[in-house]
Every structure is written in C-alpha cells, then in structure tokens.
1. Expressed in nm to one decimal, what extension gain is obtained for the pair GLU51 and ILE190 from 0.36 nm per residue of sequence separation less their Cα-Cα distance?
2. Apply 1/(1 + (r/R0)^6) to the Cβ-Cβ distance of ASP33 and TRP165, taking R0 = 51 Å, and write down the FRET efficiency to the nearest 0.05.
3. I want the local charge near TRP137. Using Cβ-Cβ distances under 13 Å, sum +1 for each Lys or Arg and -1 for each Asp or Glu among the other residues.
4. Percent relative contact order of the range 80-157, based on C-alpha pairs within less than 8 angstrom and at least six residues apart?
5. Given H placed on each backbone N at 1.01 Å, which residues far from ILE61 in sequence or on other chains put an amide H within less than 5 Å of it?
6. If you take the beta carbon distance between GLU223 and LYS157 as r and set R0 to 51 Å, what does 1/(1 + (r/R0)^6) give as a FRET efficiency, to the nearest 0.05?
7. Ordering GLU139, GLU232 by accessible area with a probe of 1.4 Å, largest first, what comes out?
8. Which whole-number percent is the relative contact order of the range 43-102 (Cα, under 8 Å, 6+ apart)?
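The values are calculated or read from the model by the stated rules, or taken from the named source; none is laboratory data. Remember, it's a predicted structure, so these values are computed and weren't measured experimentally. Glycine gets a Cβ as well: all are built from the backbone with ideal geometry, and neighbour counts include every protein chain shown. The accessibility values were calculated without ligands, DNA or RNA, using every heavy atom of the protein model including side chains. Shrake-Rupley method; radii C 1.70, N 1.55, O 1.52, S 1.80 Å.
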Amino acid sequence: MREYKPKVNAQKKVYYKDRFYVSPEIPKLEVTDCIYMKDLESIKAKCPLLEAYEEKETLVIWVDKDNIFLLLEELKALGYDILSEMSAIDYLAKKDGFEIFYQLLSMEKKRRLRVKTFLKKGCKIESVSALFSSANWSEREMYDMFGILPFNHPYPKRILMPDDWVGHPLLKSYPLQGDEYAQWYEVDTIFGKEYRDVIGKEQRDSARVDRYDTTRFSRLGYEVGYGESIKEGEEREHPITYQEEEGVLFVSKVKPEKIKQLQKRK
C-alpha cells in the first residue's frame, strides 16, 4: 500500500510527481530539410531565435515570449498560415512556469512546424488571435484550463467551465478527485447551500452504481419504493409482463411458462 500524504490546500501547492515510467525525450536532430533550412534563414534575419532543431521530421523553434507575435507573423508570411493547435504544459513544480506551443501547418509546402516558448509564473504573453482566428478559442481554453490569459485577447472568457468556477482543471496541482467546491457546485448553484443536507454532495464517480441506493437507482425487475431501505439478499423479484395499451406494446421480462399465453393473446 502506498503511503498516504494529506493534501491540504491542494489547490495552492503541487503534489504531483512522476512515480512510474517516464518516456525518454525525442532526439533533437540537426535541420537538414532544404525547405526548413531556407525558412530558417529568412526567420533569423528578422527575429532572434533561441534554438531550432528537427523532431520526427518536424521543425521545432524556440523563441523568447516577447518575440512570439513577431515570429508567428513572419511564419504566416512564409506560408505557415494554419494554426492547428496551441496550448500549454504545466511545469510549475519543476521550472516554475509553463511551456506554450503553437502547431503550424503549410498546405503549400506540405510541412508542419512547431513554435515553443517558456512563460514564467506570473508573466504575460501576447495574444495571436489577430493573426490566426483559431487562436481565439485555443487561448480561451488555455486560460480556462491553465489560468494563462494572453493580453489583447478580444474576448477573455472561460470556454469550458462555468464563469464562476474556482481553479483550472489541467493544472497538476488541481485535485484529481475534485475539491469541495466541485462536489457542491450544482447543488449550491441550482438550489442553494441550505439544500446540501437534503440532496447530498455530487457523486463524483459517474461509473459507480450502487444497486442498493434506492434513491438514485432502480434495478429492472427488482424495483422498490423510492428511498426504501433494502440490503443485500433482501431483493424481491417482480416478474415483468407484457402490457398493451391503445395499440402500444410494452415489452419486458416474462416467465417461460407464460410465453404460450402471451403468444395466444397476441
């Protein structure tokens, strides 16, 4: 059994760590593709780069966060005019910041290119939604999930979670089982906190079904009254028969000895 460590104030401190197998990094290779080499020469003349290499036949460029808009502007002029993906990776525990990446595509050149930058905790980065319309929603999602809100964004608003949600779910410091706020969110919002004792907290595991929970669940053929107390071994089977009403046939479970009667009635 693993040692249990209390997670007090889990929203404010990182308790995540790599406990199992960590996949090795992809080798960084020298840029040999003639199209990539030509594009790199054009970029370096206008924008300072930190690093450039190939990974899995894709050009990867590292740039300072203050030059991200300038670099993407130059890349769009070179034909990389599709921003297919952008997001962030939480490295707060290891590096006290985020790695932000932009995945670009050039249909004309049939090449993909990835731009990366590092954003220190508490720092800001410029929005690129003015260059790529797809960045509008991607940056909103990045804010919603990680808490990174680029400045100059035209509509800085959550996109997945409710506006009054507390926390950002893709941070590694976010509780895996949901926090106190998450357990009572729907009850507090719809009914009010005074109904907590009446309704009870949200069942966080949607795949769990308690067959003896007669308030939330009913077994076909073993129905009981709402809220009735029943324990294992006390179930009583209720045979289900066919019922015809105004030309509608309701089909359910029936005992074998009644099949002939059923066929005759049909």
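1. Residue separation times 0.36 nm, minus the Cα-Cα distance, leaves 44.9 nm.
2. 0.70
3. Net charge in that neighbourhood comes out at -1.
4. Taking the mean separation of contacting Cα pairs over the length of the range 80-157, I get 27 percent.
5. Placed amide hydrogens put ARG114, VAL115, LYS116 under 5 Å from ILE61.
6. 0.65
7. On the way: GLU139 0, GLU232 150 Å².
Highest to lowest solvent-accessible surface, that is GLU232, GLU139.
8. On the way: 52 pairs, mean separation 12.7, N = 60.
Computed value for the range 43-102: 21 percent relative contact order.
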